[in-house]
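K.L.:
Sharing a structure with you now.
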Amino acid sequence: MTHAAVFDQVVKTYPTGLLGMGAGVPALRGVTLSIPAGGVFGLLGPNRAGKTTLVKLLLSLCAPTSGTISRLGAPLSDRRTLGRIGYMHENHAFPRYLSAAELLTFYGGLSGLRTDSLSTKVDQLLTRVGLADRRSEPIARFSKGMVQRLGLAQALINDPELLILDEPTEGLDLAGRQLLRQIVRELKAAKKTVLLVSHVLPEVEELCDSLAVLVAGKIVYTGPMATLIGTAEPSGKRLEVALKPLYEKEGVA
Amino acid sequence: MNSLPIAIRTVRWMVRDTFRQSLSSKLFWVMLGMTAFCTIFCLGMTVETPGERERHPAEIRDYTRPGLDPKAVEEGIPVAGGRMSIGFGLFVFEVPKFKADAVKFFQLRLAGILADTAGVLMALLWTGAFLPTFLEPQAVTVLLAKPAARWSLLIGKYLGVVLFVTLHATLFVAGTWTAIGISTGIWDATYWYAVPLLVINFAIFYAFSAFLAVWTRSAIVAVFGTLLFWVMCWGMNFAHHHMVGLQVPGIAQSSSFLIEAGYWALPKPLDMSGIFFDAMQASTHIDPIQELEAVKEKGKFYPEMSVLTSLVFAAGILGIAVYEFRKTDY
């Protein structure tokens with residue numbers, strides 16, 4: 001498998017109006033994109049560019065209006081592939097009545113893991129994200145940063161081949177960000193695929209091998225990070241310089 | 001990896017999660033507290049009645065205050081004369097019946113409250129927010145990104161709530177039945193019919209609640225929409241029996257057709273009550289609903305079909321909810 005995900009001429013229009021009879025809101029306009037397996041792939045774009053929609057399509061949270069998508073070498077209809085994917089969402093509301101350990105056990109169970117192997121895995125992950133001493137505490141008492149750490153742990157519970165991080169550093173403190181970067185590097189070293197969705201340029205620049213830039217529902221650039229940086233002025237110029245013309249071309253502020 | 005074991009496992013996880021959710025919302029403990037309260041009341045129950053004698057037809061209807069049944073008085077039968085107290089003497093009633101009849105009458109009232117109107121409506125009100133909370137996009141997206149099929153998540157949550165209500169209904173009936181048995185020595189097993197009646201009744205209307213929850217994701221709409229729907233179904237059920245049983249003249253053919261169609265298409269809460277009270281042999285203790293009796297007398301009451309069509313409605317509406325949930329964009 002050379003690609004973790006492939007999008008072919010994907011269009012997504014959200015229905016509007018009574019019974020979806022309205023004109024609809026276009027979110028993706030014919031996206032064709034291949035996410036290589038192994039390594040860190042960045043998906044960059046301004047707000048409302050369609051990044052989250054692209055992720056939702058990949059996770060079968062919504063269906064494409066047209067076009068085809070394959071995930072880990074299988075069509076979207078094969079939900080079993082979701083058991084090989086981890087997903088961390090920027091602002092997810094976990095059940096506040098569960099403790100950290102209960103949450104990981106619950107999500108691990110729904111990922112298809114066996115109960116007997118879950119306990120050890122849960123302990124390992126809570127230690128990894130620095131929440132081992134809060135394992136029995138209800139999530140209701142957690143700060144936003146702690147919930148983000150827990151979100152990262154739940155995304156790793158099934159030892160995923162493809163990890164999708166949607167704006168993962170939102171709400172994380174400095175230590176949390178460092179932990180996240182460390183985990184991404186470890187996954188990269190283990191030849192796993194990480195899809196990092198962000199609008200924070202330095203984050204993408206630092207972690208990603210290649211990226212796609214999505215603006216107003218269209219891919220305006222896709223390729224290696226080094227090439228994109230190379231298109232900018234040499235010696236110390238930042239990625240923003242390279243992206244600015246692309247954004248302006250699409251009329252995005 | 002077979003998809004059926006995954007679905008079964010998902011349903012099991014969702015049931016567990018629902019119980020966990022109920023524990024945190026304090027609902028579990030509130031319901032358990034009510035059961036404990038009623039059990040203690042029943043434990044302190046005493047019944048003193050006049051000695052054994054032949055049952056008089058006039059004394060076996062609903063609770064009759066002394067002097068209100070001239071026929072019984074005329075024939076020398078004491079209308080009241082017995083005494084029932086519950087809650088260790090906190091509440092005292094005069095009873096016109098034999099001890100077993102008095103206990104049965106009390107159990108009918110208790111079961112009627114639990115398994116009939118009040119119990120079903122209270123359970124719908126208390127559990128109505130479970131599904132809409134679960135279906136909020138911010139809460140469910142990570143779950144939907146798991147390999148579990150969407151239908152199994154929804155059905156798992158639905159079954160979790162139904163099992164939660166089943167557990168509490170069983171605890172309530174077990175507690176009060178045991179307490180009444182200990183305090184009076186009367187162990188009437190028909191009281192246990194209250195459990196399946198409540199569960200079936202609740203499961204039917206909770207399916208509609210699930211549909212509203214999926215469709216609107218609003219707790220308010222799910223709760224009050226379902227209560228309104230219950231009233232509508234009861235009204236349709238009553239109107240049908242009124243029309244058929246009492247043969248009301250002057251009803252247009254189109255109205256008659258609509259009422260008949262509505263009766264068979266919708267759940268039938270009034271029929272469920274009738275079936276329950278028949279199972280408990282309640283007709284000699286409580287005045288039946290006139291319309292229901294009239295339909296029975298005409299041979300136009302079909303209890304099996306009534307339950308079956310109500311369950312078909314529940315399965316159908318739950319199927320629509322699943323379909324809607326499967327195609328919903330998150």
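K.L.:
Consider residue A:44 against the criteria (1) within 14 Å of another protein chain (Cβ to nearest Cβ); (2) out of contact with any Ser or Thr (no Cβ under 6 Å at 6 or more places or on another chain); (3) surrounded by 17 or more Cβ atoms within 10 Å (Cβ to Cβ); (4) over 26 Å from residue A:157 (Cβ atoms): it satisfies all of them except one. Which criterion is unmet?
P.N.:
(1)
K.L.:
Just a yes or no: is a residue in segment B:285-295 over 25 Å from residue B:113 (Cβ atoms) and not β-branched (Val, Ile, Thr)? It would help to see each step written out before you state the result.
P.N.:
We begin by selecting, within segment B:285-295, every residue over 25 Å from residue B:113 (Cβ atoms); these are B:294.
With the extra rule that they be not β-branched (Val, Ile, Thr), the set shrinks to B:294.
For segment B:285-295, residues over 25 Å from residue B:113 (Cβ atoms) and not β-branched (Val, Ile, Thr): present.
K.L.:
While we're looking at this one, here's another question. Of all residues in segment B:1-26, how many are more than 11 Å from every other protein chain (Cβ to nearest Cβ) and surrounded by fewer than 18 Cβ atoms within 10 Å (Cβ to Cβ)?
P.N.:
Of the residues in segment B:1-26, 2 are more than 11 Å from every other protein chain (Cβ to nearest Cβ) and surrounded by fewer than 18 Cβ atoms within 10 Å (Cβ to Cβ).
K.L.:
Residue check: is residue B:283 of a type outside the set (D, E, K, R), part of a loop (DSSP other than H, G, I, E, B) and closer than 27 Å to residue B:100 by Cα? So that I can check it myself, show each step before the final result.
P.N.:
Values: of a type outside the set (D, E, K, R): yes; part of a loop (DSSP other than H, G, I, E, B): yes; closer than 27 Å to residue B:100 by Cα: yes.
Here the answer is yes, as residue B:283 does meet what is asked.
K.L.:
I'm checking my understanding of the structure. Among residues of segment B:241-264 that are of a type in the set (Val, Ile, Thr) and within 26 Å of residue B:312 (Cβ to Cβ), which one is modelled with the highest pLDDT? Break it down stepwise before answering.
P.N.:
Within segment B:241-264, the subset of a type in the set (Val, Ile, Thr) is B:244, B:248, B:251, B:259.
Remaining after also requiring within 26 Å of residue B:312 (Cβ to Cβ): B:244, B:259.
On the way: B:244: 91, B:259: 94.
Ranking the candidates gives B:259 first.
K.L.:
Just checking: which of the strands (runs of 3 or more DSSP E) contained wholly in segment A:66-170 hold 1 or more residues that are in contact with a Pro (Cβ under 8 Å, 6 or more places away or on another chain), closer than 25 Å to residue A:6 by Cα and within 13 Å of another protein chain (Cβ to nearest Cβ)? Walk me through how you get there before you give the answer.
P.N.:
Details: elements: A:66-71, A:85-88, A:162-166.
Once the strands (runs of 3 or more DSSP E) in segment A:66-170 are filtered for at least 1 residues that are in contact with a Pro (Cβ under 8 Å, 6 or more places away or on another chain), closer than 25 Å to residue A:6 by Cα and within 13 Å of another protein chain (Cβ to nearest Cβ), what remains is A:85-88.
K.L.:
Tell me which of these residue A:175 doesn't satisfy, since it passes every other one: (1) out of contact with any Lys or Arg (no Cβ under 9 Å at 6 or more places or on another chain); (2) within 14 Å of another protein chain (Cβ to nearest Cβ); (3) surrounded by fewer than 20 Cβ atoms within 10 Å (Cβ to Cβ).
P.N.:
(2) is the only condition that residue A:175 fails.
K.L.:
Taking the criterion of being more than 14 Å from the chain's Cα centre (by Cα) and either closer than 30 Å to residue A:165 by Cα or surrounded by 18 or more Cβ atoms within 10 Å (Cβ to Cβ) (or both), would at least one residue in segment B:106-115 satisfy it? Step through it out loud before you land on a result.
P.N.:
Initially, segment B:106-115 is screened for residues more than 14 Å from the chain's Cα centre (by Cα), giving B:106-107.
Next, from what is left, pick out any that are either closer than 30 Å to residue A:165 by Cα or surrounded by 18 or more Cβ atoms within 10 Å (Cβ to Cβ) (or both): B:106-107.
Yes, segment B:106-115 contains at least one residue that is more than 14 Å from the chain's Cα centre (by Cα) and either closer than 30 Å to residue A:165 by Cα or surrounded by 18 or more Cβ atoms within 10 Å (Cβ to Cβ) (or both).
K.L.:
Would you be able to tell me the number of residues in segment A:188-206 that are modelled with pLDDT of 90 or more and in contact with a strand residue (DSSP E or B) (Cβ under 6 Å, 6 or more places away or on another chain)?
P.N.:
To start, the set of residues in segment A:188-206 that are modelled with pLDDT of 90 or more comprises A:188-197.
Keeping just the survivors that are in contact with a strand residue (DSSP E or B) (Cβ under 6 Å, 6 or more places away or on another chain) gives A:188, A:193-197.
Result for segment A:188-206: 6.
K.L.:
If you don't mind, another one. Among the residues of segment A:185-204, is any among the acidic types (Asp, Glu) and not in a helix (DSSP H, G or I)?
P.N.:
Step one: list which residues in segment A:185-204 are among the acidic types (Asp, Glu), which gives A:186, A:203.
Okay, now just the ones that are also not in a helix (DSSP H, G or I), so none.
Scanning segment A:185-204, I find no residue that is among the acidic types (Asp, Glu) and not in a helix (DSSP H, G or I), so the answer is no.
K.L.:
Return the total of residues in segment A:33-65 being in a loop (DSSP other than H, G, I, E, B), of a type in the set (Val, Ile, Thr) and either touching a helix residue (DSSP H, G or I) at 6+ places or on another chain (Cβ under 7 Å) or within 14 Å of residue A:162 (Cβ to Cβ) (or both).
P.N.:
Within segment A:33-65, the subset in a loop (DSSP other than H, G, I, E, B) is A:37-38, A:45-50, A:59-65.
Still in the list and also of a type in the set (Val, Ile, Thr): A:65.
Subsequent filtering for residues that are either touching a helix residue (DSSP H, G or I) at 6+ places or on another chain (Cβ under 7 Å) or within 14 Å of residue A:162 (Cβ to Cβ) (or both) retains none.
Selection size over segment A:33-65: 0.
K.L.:
Can you confirm whether residue B:106 is more than 13 Å from chain A (Cβ to nearest Cβ), touching a Ser or Thr at 6+ places or on another chain (Cβ under 7 Å) and not β-branched (Val, Ile, Thr)?
P.N.:
Numbers: more than 13 Å from chain A (Cβ to nearest Cβ): yes; touching a Ser or Thr at 6+ places or on another chain (Cβ under 7 Å): no; not β-branched (Val, Ile, Thr): yes.
Taking the combined requirement at face value, the residue does not satisfy it.
K.L.:
For the subset of segment B:293-330 comprising residues that are of a type in the set (Asp, Glu) and part of a helix (DSSP H, G or I), which member is nearest to the chain's Cα centre (by Cα)?
P.N.:
As a first pass, look at segment B:293-330 and keep what is of a type in the set (Asp, Glu): B:293, B:297, B:304, B:324, B:329.
Those still in the list that are part of a helix (DSSP H, G or I) too: B:293, B:297, B:304, B:324.
Working: B:293: 20, B:297: 25, B:304: 17, B:324: 28 Å.
If we take residues in segment B:293-330 being of a type in the set (Asp, Glu) and part of a helix (DSSP H, G or I), then B:304 is nearest to the chain's Cα centre (by Cα).
K.L.:
From B:210, B:148, B:194, grab the single residue that is assigned to a loop (DSSP other than H, G, I, E, B) and either crowded, with 20+ Cβ neighbours inside 10 Å or within 14 Å of chain A (Cβ to nearest Cβ) (or both).
P.N.:
Numbers: B:210 fails: assigned to a loop (DSSP other than H, G, I, E, B); B:194 fails: assigned to a loop (DSSP other than H, G, I, E, B).
Checking each option against the conditions leaves just B:148.
The values are calculated or read from the model by the stated rules, or taken from the named source; none is laboratory data. Every value quoted in this text rests on a predicted model; they were computed, and no experiment measured them. Neighbour counts are summed over all protein chains in view; Cβ atoms, including those assigned to glycine, are modelled from backbone coordinates with ideal geometry.
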